[in-house]
Each structure stands twice: as structure tokens, then as C-alpha cells.
């Protein structure tokens, strides 16, 4: 779907994100939640600094692929624990191309696993 401008994409992405409540991650046999922190991280970096519009657009356009990557991941590409925060990195090729979608999941303490970020690499 094409958008006339950044704000139209942002609005559509925000609506899509709000409709995502959770999805199942078969590899860990757990549900992944979609909370406001995940959407915020699409727009701002880990230090709270706004991403530039080009980077925001890139990430927002990948949002519709997140559920597919989570539900179809055959393995965890990498796992890291820093203090009480755990991170899982998932990667999946899209349509048998060289383009890979990377999804980051995060769990803070004993909380639920949440979607944290998405980007792509070619």
C-alpha cells in the first residue's frame, strides 16, 4: 500500500499496531505482546532520540511483516541478557529474496516478552 506522505503512513501504522494485541512465538512456546514501548522504539532510538524520517518510514513499512517473522521463526538468531533484560533476535528472508527482516523481542525481569523493534538488511 502506498501512502501520500509520512503522516499518512504514521497514522496507518499506529492503527495497525494498536490492533496487534499478541501473537504466538512457537519457538519459545510463548505469546509476544505489542505494547506502546515497541511502537515508540520504531520512532525513537534506545536513548529516546528521534530517528530521522527516512529511518522511521523504513521501519514503519516493515511493521506488517513482524507477525509473519515471529510466528514462522525456526530458531533464534541470537540471544543476549543484560542485567535483567533479555533480547531475542529473529531473522527471516522475505519471498526467497536476499532481503532479511530482523525482529527484536525483549523481556524485562519477569514480565512478558514484547515486540521491541524491526529493521531489514539486504
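Quick note: the coordinates plus some simple rules give every number you see, no bench work behind them. Owing to the predicted nature of the structure, the values given are computational and were not obtained by experimental measurement.
Over the chain, dividing the summed -39,500 (n - 2.57) contributions of all DSSP H runs of at least 4 residues by the number of residues returns a 222 nm mean residue ellipticity of -9500 deg cm²/dmol.
Here the extension length gained between residue 8 and residue 89 equals 26.2 nm, from 0.36 nm per residue of separation less the Cα-Cα distance.
Stretched out straight at 0.36 nm per residue, the stretch from residue 55 to residue 24 would grow longer than its current Cα-Cα span by 8.4 nm. Of interest is the spacing of the C-alpha centroids, which for the range 1-25 and the range 29-52 amounts to 13 Å. Considering only 14, 59, 106, give the residue with the highest GNM mean-square fluctuation for the chain, with springs between Cα atoms whenever their separation is below 10 Å. Result: 14 has the largest fluctuation of those listed. Counted residue by residue at 0.36 nm each, then reduced by the alpha carbon distance between them, the extension gain from residue 74 to residue 31 reaches 13.9 nm. Could you identify which residue out of 76, 89, 103 has the top mean-square fluctuation in a GNM of the chain using Cα springs shorter than 10 Å? Per the Cα network of the chain with a 10 Å cutoff, 76 tops the list. The angle separating the long axis of helix 53-62 from the principal Cα axis of greatest extent in the chain is about 60 degrees.
Given the alternatives (1) 40, 29, 28; (2) 40, 30, 24; (3) 40, 34, 25, Cα extents along the principal axes in Å as computed for this entry is given by (3). Of 21, 29, 81, the residue with the greatest mean-square motion in the GNM of the chain, using alpha carbon springs below 10 Å, is 29.
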